[in-house]
1. Please turn the phi angles of the range 206-217 into ³J(HN,Hα) values with the Karplus equation 6.51 cos²θ - 1.76 cosθ + 1.60 (θ = phi - 60°), one per residue in order, whole Hz, x for glycine and proline.
2. Could you work out the local net charge near Tyr214, counting Lys and Arg as +1, Asp and Glu as -1, over the other residues with Cβ closer than 13 Å to its Cβ?
3. Projecting each Cα onto the charge dipole of the chain (Lys/Arg +1, Asp/Glu -1 at the beta carbon, about the Cα centre), which of Gly28, Gln379, Thr333 comes out farthest on the positive side?
4. Among the listed pairs Lys149/Lys288; Lys9/Lys365; Lys2/Lys148; Lys40/Lys158, which are separated by more than 28 Å between their Cα atoms?
5. Return the distance in nm (one decimal) between the two label points of a simple spin-label model at Arg375 and Ser303, each offset 7 Å from Cα along Cα→Cβ.
6. Going by how many other Cβ atoms sit within 10 Å of their own, how do Trp76, Trp305 line up, fewest first?
7. Please work out the FRET efficiency for the pair Leu368 and Arg106, using the Cβ-Cβ distance as r and a Förster radius of 56 Å; give the result to the nearest 0.05.
8. Are there any trypsin sites (Lys or Arg not before Pro) in the range 320-384 that are in a DSSP loop and have at most 12 other Cβ atoms within 10 Å? List them by number.
Amino acid sequence: MKIALILAKGIAPLDSIASVLEALSARGDEVSIFLLTPSKRQLLRGGEFYEERLRSAGVRFLDLIDCADLSPLERWIARRAYLNSSRDSAPVTRLERWAKNFILRRGLVPRVDMEVAFPAGLKSLDPDLILLDHSSSLPARQAKEVLKKSIAGNNNLKVVLLPHAPHHVQSNCFAPYLQEDRFPGFCDFWMTLESERSWEALPDQRERFFYSGYPGMDRNWLDSLRASCRSGEPVRIVYLIRRFLNQGQQRGSGDNEFVMDFEEFEVTTRAVLEAVAKLDEDVKLVIKPHPSNDFAVVDRLVSGWSSMEVEISGEPIYHWISRSDCMISLYSTAYFPAIAAGIPCIVLPTEAQEFVESQNETMSKMYLGLRGRVRSLEQLDDTLQQALNDPSFGEQDCDHLRNFYPDGAVYRSVARIDHLVSERAEHNSMS
């Protein structure tokens, strides 16, 4: 069986589905991850965890340059044109500048365009099932349009719309697939919470909405990550941040409630830096930016607010599960797997956090039931001490979160994939 995961905007779906891909590959299925960017570095943001872990399990990674109609030399030069591994304001190297000029002069840029290289790559993969990030971002919408054209009439090929995060803000959230064709017949919509009601938008198609749970929080997967759990000094704290407006920048039409005002980001981050600096232990602080952040800007701001040595990391949360003693976070769902692994996590009070908690009863119970959910920044110092010194801190929040994300998601997801592929084979045999 051949399975292809398509990533257009970022690697967030890997937080959910990596454990499933590993399980599929382990039983002998052919698994590929197709990143719809000229260079996979642009989405991986310098992180190595997924590539190292999944490649060792037999999963293949490819990007648009891999699938473009280029000679070996042209491919090598095209790679150098995208040496900057992130979307940061990092300086362009001389080699990168020369390579960019080369591919422009030779007219090679259109060959690595999504609408050209994506269908070519999809044809070469010839998957039995496609897994797709269900995001409403512009790159994801463009990918869905190209995908729809590419698989038209392709022998009942199914597309699984993966959750972009452990939960939606609303229990009945349904992000459109395409405006003119809201939910094509080849799609399967996966939900992470039993309380989710996305199918209510299309009640006559209830069978196409599947409760998968969140495979990235299954115990076996997390235990395999914690098998090499660190011990000893220094204490390592990971601080997760999210997208924020630049200083003096006005909120635009595309900036939703999850984009922080600069002032709120500064006040909250300064409080975190001060709380960590007060600890008696030898502490190493790691800041994990949101994928949309400019890492260079984050580094410059934090350096101006504190003399503490800080590491800026593009690695996903699973990399830090075996390497951290505590996590502190602005509103996010990225730290959920860390809580499920028993790591103490402190959830900071922000406008976005309070907005989510106000949306429905499930969100309120989920977040307000966490011991690590501090109600004000004045509580941060004491809560941080408890998180580092009370072994029951992480255990309590792990047990609480398990009420919403029970084990078995990997098994359910693999079984659903087998069902969809088998269903396709039956339809093809009858036609």
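Rule-based calculations on the coordinates, nothing more; no lab input. Since we're looking at a predicted model, the values are computed, not measured. Note: ideal-geometry Cβ built from the backbone for every residue, glycine included; neighbour counts use all protein chains shown.
1. 3, 5, 8, 10, 10, 7, 9, x, 10, x, x, 10
2. Numbers: positive: Arg219, Arg402, Arg412; negative: Asp15, Glu194, Glu196, Asp218, Asp407.
Charge balance near Tyr214 sits at -2.
3. Of the options given, the answer is Gly28.
4. Details: Lys149/Lys288 37 Å; Lys9/Lys365 30 Å; Lys2/Lys148 19 Å; Lys40/Lys158 25 Å.
Violating the 28 Å limit, Cα to Cα: Lys149/Lys288; Lys9/Lys365.
5. 4.0
6. Details: Trp76 12, Trp305 15.
Going from least to most buried by this count: Trp76, Trp305.
7. Numbers: r = 58 Å, r/R0 = 1.04.
In this case the efficiency is close to 0.45.
8. Details: sites: Arg323, Lys365, Arg371, Arg373, Arg375; in loops: Arg323, Arg371, Arg375.
Within the range 320-384, the qualifying trypsin sites (Lys or Arg not before Pro) (loop, at most 12 other Cβ atoms within 10 Å) are Arg375.
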